[in-house]
Structure formats: structure tokens, C-alpha cells
Amino acid sequence: MRRPSAALLALLLAGVSPAIALEGPAPAAPAAPVAASGKPRVVIVATGGTIAGAGADAANSATYQAAKVPVDKLIAAVPAIAGVAEVRGEQAFQIASESFTNAQLVDLAKKVSALAKRDDVDGIVITHGTDTVEETAYFLDLVVKTDKPIVMVASMRPSTAISADGALNLLDAVTVAAAKDSRAKGVLLTMNDEIQAGRDTTKRVNIKPSAFFSQWGPLGMVVEGKTYWFRAPVKRHGTASEFDIDTIDALPEVAIVYGSGNMHPEAYTSAVAGGAKAIIHAGTGNGSVAGYLVDTLKDIRAKGVQIIRSSRVGDGFVLRNAEQPDDTYDWVVAHDLNPQKAKILAAVALTKPRDAKDLQRIFWEY
Ligand code: DGL
């Protein structure tokens with residue numbers, strides 16, 4: 001019989017039950033490789049936005065120029081970051097995020113994918129404008145095949161404003177990127193103490209720090225340098241995704257048409273003329289289609305362009321074959337994805353030819 005170890009004896013003397021004692025503490029999760037300092041290594045990739053913004057009047061926090069401050073100054077402005085991780089900065093772009101193009105999305109994803117493959121990188125933070133961070137986050141979630149934390153961060157006020165939110169958001173982002181329990185949770189966004197899922201989150205308010213919401217709630221919070229998790233993502237992402245940025249060099253055109261009363265077919269036909277391979281119908285209610293538009297959309301579908309019904313309504317999800325016979329028309333529903341997220345998923349999915357049945361599978365799974 002094996003002699004009990006001193007550690008085991010100590011546990012037994014401490015009244016720890018033999019079963020636990022023999023079993024011992026759960027084996028530690030494989031520690032992420034760390035720098036000589038013992039700290040995780042985090043790369044901050046900067047793209048611009050308000051977090052890099054500067055304004056003339058501290059009291060007017062909505063009046064400023066986005067995309068002015070370089071990444072090294074962003075890092076230097078938050079000395080507490082050095083206590084969390086070994087950090088270095090890379091300046092990918094310096095733009096306001098409403099100006100992102102598909103080409104820049106692809107470039108950024110390839111850069112992030114290459115960084116994620118490096119043994120000397122444990123986590124990645126991406127500073128970004130708030131306007132389209134939700135699209136970039138979802139795109140990276142779909143095409144970067146890594147379990148390492150990728151954390152988007154933005155701010156609603158420039159660093160020059162009273163009660164600027166960027167510094168704490170950035171510190172929180174580095175904290176999340178450096179935390180082992182952030183792994184395999186998909187691309188994340190830290191804003192206003194919350195950890196949002198990149199897939200789910202959307203900008204719902206355009207003039208205050210608590211701007212981002214998901215109808216399914218945040219994944220967790222980061223408070224005083226600690227991460228607290230309350231739910232996990234359920235849709236495919238990262239290493240579980242069938243999509244890989246290393247096999248994508250360009251994205252097809254996908255157009256969004258915003259639904260309202262008194263619509264005109266030209267809104268759709270002009271999108272097709274502009275080269276759209278799919279149209280996201282941001283319909284009223286349950287992605288409803290006006291009766292006088294149905295023939296136009298059926299004609300467009302017959303030409304091989306995908307029709308995807310999303311909704312202009314913020315929450316809920318579009319039901320298939322409810323008011324519209326999607327099976328009959330060979331249309332797709334965007335499920336709970338808002339129009340801008342549906343556009344990202346459709347563009348990624350259509351980097352390969354697909355029929356509507358397979359496209360609908362993708363909208364159920366991602
Ligand atoms: N110009 C918008 C952008 O860059 C807003 C700035 C911001 O909130 O980041 O997304």
C-alpha cells in the first residue's frame with residue numbers, strides 16, 4: 001500500500017475526508033505560458049475611435065475628433081495596466097469606426113489571427129470606435145480560430161472629457177484578456193464594467209457610457225481587476241467555427257434595406273445592381289415584408305441573390321414561416337441577429353457558394 005504523503009497526512013490531520021485527501025485538489029488548469037515577469041502577455045491592437053479621441057472642451061464630451069491618440073499614448077495614460085500584464089501596442093489603423101471597410105475588417109482579422117498563433121501572446125485587446133465595434137467583434141468571433149481571449153474595447157467619451165470612460169474600459173479589457181477564465185468565450189467587449197459577448201452586444205444608446213446591451217444580458221462583469229462570469233456563449237465561435245480568416249481574402253457585398261411603410265422596390269433592385277450577393281431585409285415586426293414587395297424579392301431570389309429576413313425591432317428573434325412562407329420563397333431568417341450582425345454572418349457564409357438551406361443552418365448555429 002502506498003505510504004500516505006506528508007501533504008496527505010496534513011490534510012487528514014486537518015480533518016479533510018480521505019476521499020478528498022486521496023483525490024487531492026483538482027489538477028490546476030494548464031497555466032497559460034507567462035513572461036519572465038510572471039505576467040500574461042497582452043497585445044493591444046489600436047484602430048481609432050473615441051477611445052483615441054481628443055476634444056477641445058472637457059465639458060462637451062460629445063464634441064471631439066475621434067482617432068487622434070496613438071496606441072503607445074493610450075497605454076501610457078493607464079499606468080495600472082503594467083500591474084496586470086506585460087503589454088505592447090500595435091497601431092493597425094487610426095480611423096473612426098463608421099469608416100471601416102470590408103478590406104480593413106479582413107486585414108484586422110488576419111493580423112489578430114497571426115498574433116493569436118504566437119506563443120508569446122496570451123491575449124489580445126483591440127481598441128475600436130463604438131459605432132461598428134459590434135460588427136468587428138462578431139466578424140472576429142466567426143473567423144479567428146483561437147481560444148485565447150480577444151477583447152474589444154471602446155469608449156463613449158474622449159480622454160480629454162470630464163469623467164472619460166476610456167481609461168477604465170482599457171484597464172478592464174487588459175484584465176479580461178489576461179485572465180485564464182476568459183479563454184474560449186468568444187470575442188468579448190468590455191464597456192462600463194460589463195463583459196459583453198461580441199456576438200450578442202449592440203450599441204443601443206448613442207450618448208452615454210452605458211451604451212451597449214445584449215437582450216441575453218452580459219456574460220459577466222469586471223470589477224476592481226477581477227472577472228466575474230454569469231453565463232457562457234452557446235453559439236459556435238473561434239476554434240468551433242467552420243470559418244477561417246486564413247482562407248478568406250475578401251468578403252462579398254451584402255446590403256441592408258431598412259423596412260418601413262410606403263417602401264419601393266428600387267431599394268432592393270439597386271442593391272442587386274450594386275453587386276449584393278444577399279439582401280438583409282430589416283423588416284418591421286417579425287421581419288415582415290409588405291405585400292407589394294413580395295414579387296420583387298421573389299424575382300431577386302430567382303436571380304440567385306439570398307434574401308435574409310431580419311427585423312428593425314431591437315429584441316426578440318425572427319420566426320421562420322410565420323407570416324412569410326420562407327420555405328416556399330426559399331428565404332432565410334436571421335434568428336436573433338440584428339440587421340448589421342446578419343450582414344456580417346451572411347458575408348462570411350457567402351465567401352463560399354451556398355444554397356438557402358445551408359445558409360439557414362448557419363444562421364441557426366452562429
Ligand atoms: N466616430 C464613432 C466611432 O469611431 C464614434 C466614436 C466612438 O464612440 O468610438 O465609432
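Figures for the structure shown
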quantity: Residue satisfying condition, being small (Gly, Ala, Ser), part of a helix (DSSP H, G or I) and open to solvent by 20 Å² or more (accessible area, probe 1.4 Å), within set ALA59, ALA103, ALA36, ALA116; calculated: ALA103
quantity: GLU86 vs. criteria open to solvent by 50 Å² or more (accessible area, probe 1.4 Å), within 15 Å of the ligand (Cβ to nearest atom) and either farther than 17 Å from SER159 by Cβ or under 24 Å from the mean Cα position of the chain (by Cα) (or both); calculated: no
quantity: Those residues of the range 295-314 which are closer than 17 Å to VAL333 by Cβ and open to solvent by 20 Å² or more (accessible area, probe 1.4 Å), in sequence order; calculated: LYS298, ARG301, ARG312, VAL313, GLY314
quantity: The range 201-220, subset in contact (Cβ under 8 Å) with a residue 24 or more places away in the chain, out of contact with any helix residue (DSSP H, G or I) (no Cβ under 8 Å at 6 or more places or on another chain) and surrounded by 19 or more Cβ atoms within 10 Å (Cβ to Cβ), residue nearest to THR63 (Cα to Cα); calculated: PRO209
quantity: Enumeration of residues in the range 153-186 that are on the phi > 0 side of the Ramachandran plot and within 16 Å of the ligand (Cβ to nearest atom); calculated: SER163
quantity: Matching residues, the range 126-152, being away from the ligand (no atom under 15 Å from the Cβ) and either open to solvent by 10 Å² or more (accessible area, probe 1.4 Å) or not aromatic (Phe, Trp, Tyr) (or both); calculated: LEU140, ASP141, LEU142, VAL143, VAL144, LYS145, THR146, ASP147, LYS148, PRO149, ILE150, VAL151
quantity: Boolean, GLY83 is under 20 Å from ALA173 (Cα atoms) and either at pLDDT 90 or above or not charged (D, E, K, R) (or both); calculated: yes
quantity: Number of the exception - SER260 against (1) over 24 Å from PHE243 (Cα atoms); (2) within 29 Å of the chain's Cα centre (by Cα); (3) open to solvent by less than 10 Å² (accessible area, probe 1.4 Å); calculated: (3)
quantity: Scope the range 92-109; condition away from the ligand (no atom under 15 Å from the Cβ) and of a type outside the set (Val, Ile, Thr); matching residues; calculated: ASN102, ALA103, ASP107, ALA109
quantity: Checking LYS110 against (1) of a type outside the set (Val, Ile, Thr); (2) on the phi > 0 side of the Ramachandran plot; (3) open to solvent by 60 Å² or more (accessible area, probe 1.4 Å), the condition it does not meet; calculated: (2)
quantity: Hits in the range 221-257 - residues which are of a type in the set (Phe, Trp, Tyr) and surrounded by 14 or more Cβ atoms within 10 Å (Cβ to Cβ); calculated: TRP229, PHE243
quantity: Selected residue (only one of SER159, SER113, SER97, SER155 is at pLDDT below 95 and either out of contact with any helix residue (DSSP H, G or I) (no Cβ under 6 Å at 6 or more places or on another chain) or of a type outside the set (Val, Ile, Thr) (or both)); calculated: SER159
quantity: Subset of the range 62-72 [within 16 Å of the ligand (Cβ to nearest atom) and either part of a helix (DSSP H, G or I) or closer than 19 Å to ASP172 by Cβ (or both)]; calculated: VAL69, VAL71
quantity: Tally, over the range 39-53, of residues that are within 17 Å of ASP131 (Cα to Cα) and either away from the ligand (no atom under 11 Å from the Cβ) or β-branched (Val, Ile, Thr) (or both); calculated: 4
quantity: The range 73-82 - residue that is in contact (Cβ under 8 Å) with a residue 60 or more places away in the chain and of a type outside the set (Val, Ile, Thr) and, of those, farthest from the ligand (Cβ to nearest atom); calculated: ALA80
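The values are calculated or read from the model by the stated rules, or taken from the named source; none is laboratory data. Model, not experiment: these values are computed from the prediction. No Cβ is skipped: glycine too gets one built from the backbone with ideal geometry, and neighbour counts run over all protein chains shown. We work out accessible area using only protein heavy atoms, side chains counted, and drop any ligands, DNA or RNA first. Shrake-Rupley method; radii C 1.70, N 1.55, O 1.52, S 1.80 Å.
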